[in-house]
Amino acid sequence: MPKTLVTYPLPTPRLKDFCEKWDGVVVPKGTTVDEAFLMREGAGCEALVTLLNHPVTRRVLEACPRLRVVANAAAGFDNVDVAAARGRGVFVTNTPGVLDRATADLTWALILACCRRVVEADRFLREGRFHGWEPDLLLGMDLNGKVLGVVGMGRIGTEVARRAGAFGMKVAYHGPTAAPPPFPAEAMDLDALLGAADVLTLHVPLTPSTRGLLDRRRLMRMKPGAVLINTSRGAVVDEGALAELLASGRLRAAGLDVYEREPAVHPGLMGLSNAVLLPHIGSAGEETRRTMADWALENAGRVLGGGAPLTNVWPLDTLSPFVKNP
Ligand code: DGY
């Protein structure tokens, strides 16, 4: 039985050394890593190094009694039953911060693609429909002077908003902030923000309170002709309602990198030319993904070596006194 299960061949040269040091087995690409797989293959492990789409449920945790750490190679950790892990004294770690800029860049790629119809224009040309410059060909939304509405002004939201000035956009936001944003930005309640934003971008973690946050009622409150961008988690948005509002033209466009039931995409979105659909590549910069992998391995190694991880997602001082942990 390996001591450590790494559920994907992470893109870092450090993986080999890590596995040699910590008796690690790497799950090959293409394997279905579901609950049953983790219960079976993780049973004797002290560490699981996981991806954001690998479900570390209560049942998995119970099936892995020797487990000391779940090191997610992602900032999000909605795939892990954190309460169950915490109750068992199992560390749950993530990789916050390292992907903020990459995700913010990709968010802007979607904003620009949606507002200036980049993907639609590319298809138009490839289909042989470009017959010369025309003043009204593929008109889109000018960004200058428009309002960027940010839901969730955490690290990634802040990086997205920071870039808005370069495009002449005003920033408004909803959600708690550790400190006032270091640029002009107006705080609003959510309904006011929905009505004010020309481009609304979502940067909240998936929790019980954000699941379905942009439901039909709230989508209907968005400014007519606005653009919705989601690079956070798909389940924050009612995809069916969004598809209807895009099809009717009530909303101008949507740029999505994440979906409610990945890798499935709501069929209503697939045929829409005003939906730009990406396969969850927000953090997919080479250095960024390598750093995420290194960070996850570092967290797992620290715990296996008897120390505390760099980024546990639950407060260490809440460790149950009945659980013996380094
Ligand atoms: C994360 O780390 O949570 C992101 O969704 C990966 O791109």
Could you compute how much accessible surface residue 232 exposes when probed at 1.4 Å, giving the result in Å² to the nearest 10? 10 Å²
For every other residue with a beta carbon closer than 14 angstrom to the beta carbon of residue 7, add +1 if it is Lys or Arg and -1 if Asp or Glu, then tell me the sum. -1
Between residue 131 and residue 66, what length in nm is gained on full extension when 0.36 nm per residue of separation is reduced by their alpha carbon distance? 16.8 nm
When you take every Cα atom in region 19-119, what is the radius of gyration, and what is Dmax, the widest Cα pair distance, in Å? 16.8, 53
One-quarter of the Cα convex hull surface for region 183-326, in nm²? 12.1 nm²
Given an 8 Å cut-off on Cα distances and at least 6 residues of separation, report the relative contact order of the chain as a percent. 19 percent
Per the helix-only model, the chain has a calculated mean residue ellipticity at 222 nm (DSSP H runs of ≥4, -39500 (n - 2.57) each, divided over all residues, rounded to the nearest 500) of -9000 deg cm²/dmol
Within region 100-277, the percent of DSSP beta bridges that are antiparallel, given to the nearest 5, stands at 5 percent
Distance in nm between residue 192 and residue 144 label points, each 7 Å along Cα→Cβ, equals 2.9 nm
Of all DSSP beta bridges having both residues in the chain, the percent classed as antiparallel (nearest 5) is 5 percent
How big is region 100-277 on each of its three principal axes, counting only the C-alpha atoms and giving the largest first in Å? 52, 34, 28
Under 10 Å, Cβ to Cβ, from residue 190 - net charge with Lys/Arg +1 and Asp/Glu -1: 0
Let me know the charge dipole size of the chain about its Cα centre in debye, to the nearest 20, where only the beta-carbon of Lys, Arg (+1) and Asp, Glu (-1) is charged. 340 debye
Only Cα pairs under 8 Å and at least 6 apart count here; give the relative contact order of region 208-326 as a rounded whole percent. 19 percent
Could you check the spin-label model distance between residue 16 and residue 209? Points 7 Å from the Cα along Cα→Cβ, value in nm. 4.7 nm
Percent RCO, i.e. relative contact order, over region 100-277, from Cα pairs under 8 Å lying at least 6 residues apart: 21 percent
Extension gain from residue 121 to residue 177, taking 0.36 nm per residue of separation minus the Cα-Cα distance: 16.4 nm
If one puts a single equal scatterer on every Cα of the chain and applies the Debye formula without solvent, what log₁₀ I(q)/I(0) results at q = 0.07, 0.14 Å⁻¹? -0.32, -1.08
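The values are calculated or read from the model by the stated rules, or taken from the named source; none is laboratory data. Small disclaimer: the values here were computed from a predicted structure and weren't measured. Please note: Cβ atoms are built from the backbone with ideal geometry, for glycine as well, and neighbour counts cover all protein chains shown. Protein only, heavy atoms only, side chains kept; ligands, DNA and RNA dropped before computing areas. Shrake-Rupley method; radii C 1.70, N 1.55, O 1.52, S 1.80 Å.
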